[in-house]
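Below you'll find the structure, written out as structure tokens, and then a few comments.
The values are calculated or read from the model by the stated rules, or taken from the named source; none is laboratory data. Model, not experiment: these values are computed from the prediction. Neighbour counts are summed over all protein chains in view; Cβ atoms, including those assigned to glycine, are modelled from backbone coordinates with ideal geometry. Just the protein is used for accessible areas: all its heavy atoms, side chains included, with ligands, DNA and RNA removed. Shrake-Rupley method; radii C 1.70, N 1.55, O 1.52, S 1.80 Å.
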Amino acid sequence: MSDYIMEVKDLKTHFHTKKGIVKAVDGVSFKVKKGEILAIVGESGCGKSVTSQSIMRLVGDKKSEEVTGEVLYHGEDLMKKSRLDMQKVRGKDLSMIFQDPMTSLNPAYTVGTQIAEMPMIHEKKGKKSAWNRAVEMLTKVGIPSPAKRAEQYPHQFSGGMRQRGVIAMSLACDPDLIIADEPTTALDVTIQAQVLDIIRDLRDETGTAIIMVTHDLGVVAELCDRVAVMYAGKIVEQGTIEDIFDRPKHPYTQGLLNSVPRPGSRERLKPIEGQPPNLHDLPNGCRFAERCPFVMDQCIEKEPDLLEAESKGHTVACWLEEEGNNDGDRGNTEGRGTEKVF
Ligand SMILES: Nc1ncnc2c1ncn2[C@@H]1O[C@H](COP(=O)(O)OP(=O)(O)O)[C@@H](O)[C@H]1O
Ligand SMILES: [Mg+2]
């Protein structure tokens, strides 16, 4: 058996629109191990949500939505499953948490009923035992008086509690992989920290793997084991949390790190100048070239491939990393890190 729960290979999601083809996801590949928390991070609009929705097959059914590539889940390609089989997978072994809890909660039913529905549908549990499971899950996510709360409607919950309710729902059938799309973005900072704690404890207790989609490097640093940095529909760098935070190679990753406060650092923040390219009118070369402080001729001409950097599993798509472009001055390349450059 493979160590990987999920292997995404060359995923492309192109939207055919009046303006042209929007290449929202354009050749994304990554793997997730059992019990691992993988971050997908990048600025707004870079294709993170479309990536997660494509994996869950929440896009791809319409004529205008063209999804290609493979999404191997326990070795089986989700892209090849029938709609019905996909429904069986969704919510049971593989579940998703959205940014806005009201996307998942129906205001017309009690929170308990909605959580209990999952084991009733997917595990054919009886009403009573499913309800008990719902209360157990609400307890697990730290909701006080869970039995009483289970009988309440979503509007009787605060925002943070609703998101806990949604997490409880996603856990109700013991999934082995959860895709969480900006699960804390809509919450206050203190509640955000509590929800991240819950997610971390969950992984530690149950070994559930998590794909954490976020624009927030703080969340990544706090929670994740590995990181995939996305830019304009592509992964531009991938590695362990140490690879990305201590030895970032891609100028975009470096730029992202320079634009957020670092604990203990008194350096001025430097936002990345300019805007990401239009996804329906992409340049031929590197998509970051226009904003890159190290741009070279070759960057404009041809797109770099995602290749392994110094350490195993650390990959980067940047011409600066290619043979010949960094000969003899590795130290200098290192220097492009977060402290010295700008
Ligand atoms: N159904 C759609 N039709 C056309 N363009 C879309 C559609 N859904 C998303 N997009 C575009 O795809 C890009 C990526 O969006 P998204 O994945 O939501 O970004 P984010 O990284 O912020 O989650 C955006 O430019 C968005 O406008
Ligand atoms: Mg998004």
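Hey, can you find the accessible area per residue of the stretch 72-215 for me, probe 1.4 Å, expressed in square angstrom?
Working: 6640 Å² over 144 residues.
With all protein chains present, the stretch 72-215 gives 46 Å² per residue.
Quick check: Cα centre of the stretch 117-152 to Cα centre of the stretch 155-221, how many Å?
What the calculation gives is 18 Å, centre to centre.
Karplus couplings for the stretch 180-191 from phi (6.51 cos²θ - 1.76 cosθ + 1.60, θ = phi - 60°), rounded to Hz, Gly and Pro as x?
Values, residue by residue: 10, 9, 6, x, 10, 4, 8, 9, 4, 4, 5, 5 Hz.
Under 5 Å between amide hydrogens, which residues at least 5 positions from residue 309 or on another chain qualify, with H placed 1.01 Å from N in the peptide plane?
314, 315, 316
Starting at the first residue of the stretch 49-58, write each ³J(HN,Hα) from the Karplus equation 6.51 cos²θ - 1.76 cosθ + 1.60 with θ = phi - 60°, in whole Hz, x for Gly and Pro.
Computed from phi, the couplings for the stretch 49-58 are 5, 5, 4, 5, 5, 5, 4, 7, 6, 8 Hz.
Positive end of the charge dipole of the stretch 1-137 (Lys, Arg +1 and Asp, Glu -1 on Cβ, about the Cα centre): tell me which of 27, 2, 135 has its Cα farthest that way.
Value computed over the given set: 135.
Averaging sequence separations of C-alpha pairs under 8 Å and six or more residues apart, then dividing by the length of the chain, give the relative contact order as a whole percent. Spell out each step's value before the answer.
On the way: 636 pairs, mean separation 65.2, N = 342.
Averaging sequence separation for qualifying contacts and normalising by length gives 19 percent for the chain.
Could you sort 217, 306 by accessible area so the largest value comes first, with the probe set to 1.4 Å?
So the residues, ranked largest to smallest area, are 306, 217.
Could you give P(r) for the chain, binned at 10 Å from zero, as whole percent values over all Cα-Cα pairs?
5, 24, 31, 24, 11, 4, 0
May I ask for the distance between the Cα centers of the stretch 223-281 and the stretch 293-319, given as a whole number of Å?
14
Carbon-plus-sulfur fraction of the accessible area of the chain, 1.4 Å probe, in percent?
49
Which of 265, 276, 245 sits farthest toward the positive end of the charge dipole of the stretch 243-335, with +1 on the Cβ of Lys and Arg and -1 on the Cβ of Asp and Glu?
265
Considering only protein heavy atoms, what per residue accessible area in square angstrom results for the stretch 243-335 with a 1.4 angstrom probe?
Working: 5610 Å² over 93 residues.
Per-residue accessible area for the stretch 243-335 comes out at 60 Å².
Please work out whether the stretch 243-335 counts as rounded, prolate or oblate from its C-alpha gyration tensor, where a ≥ b ≥ c are the square roots of the eigenvalues and a/c under 1.5 means rounded, while otherwise a/b larger than b/c means prolate and anything else oblate? Don't jump to the answer; show the numbers that get you there.
Values: a/c = 1.84, a/b = 1.13, b/c = 1.63.
Verdict is oblate for the stretch 243-335.
Applying a 10 Å radius around every beta-carbon, put 81-94, 100-113, 44-57 in order of their mean neighbour count, most first.
By packing density, highest mean first, the sequence is 44-57, 100-113, 81-94.
From the phi of every residue in the stretch 62-74, what ³J(HN,Hα) in whole Hz does the Karplus formula 6.51 cos²θ - 1.76 cosθ + 1.60 yield, where θ is phi - 60° and glycine or proline is x?
7, 4, 7, 9, 10, 10, 10, x, 10, 10, 7, 10, 6
For the chain, build the charge dipole from Cβ charges (+1 Lys, Arg; -1 Asp, Glu) around the Cα centre, then report which of 42, 319, 307 sits farthest towards its positive end.
42
So if I average 1/r over every pair of distinct C-alpha atoms in the stretch 23-128 and take the inverse, what Kirkwood radius in Å does that give?
For the stretch 23-128, inverting the mean 1/r across all distinct Cα pairs yields 16.0 Å.
By the scheme Lys and Arg +1, Asp and Glu -1, what is the net charge of all other residues having a beta-carbon under 13 Å from that of residue 89?
On the way: positive: 57, 80, 81, 83, 88, 90, 92; negative: 76, 77, 85, 93, 176.
Computed value for this residue: +2.
Considering amide H positions built from the backbone, and no H for Pro or chain starts, which residues 5 or more places from residue 235, or on another chain, come under 5 Å of its amide H?
HN-HN under 5 Å from residue 235: 29.
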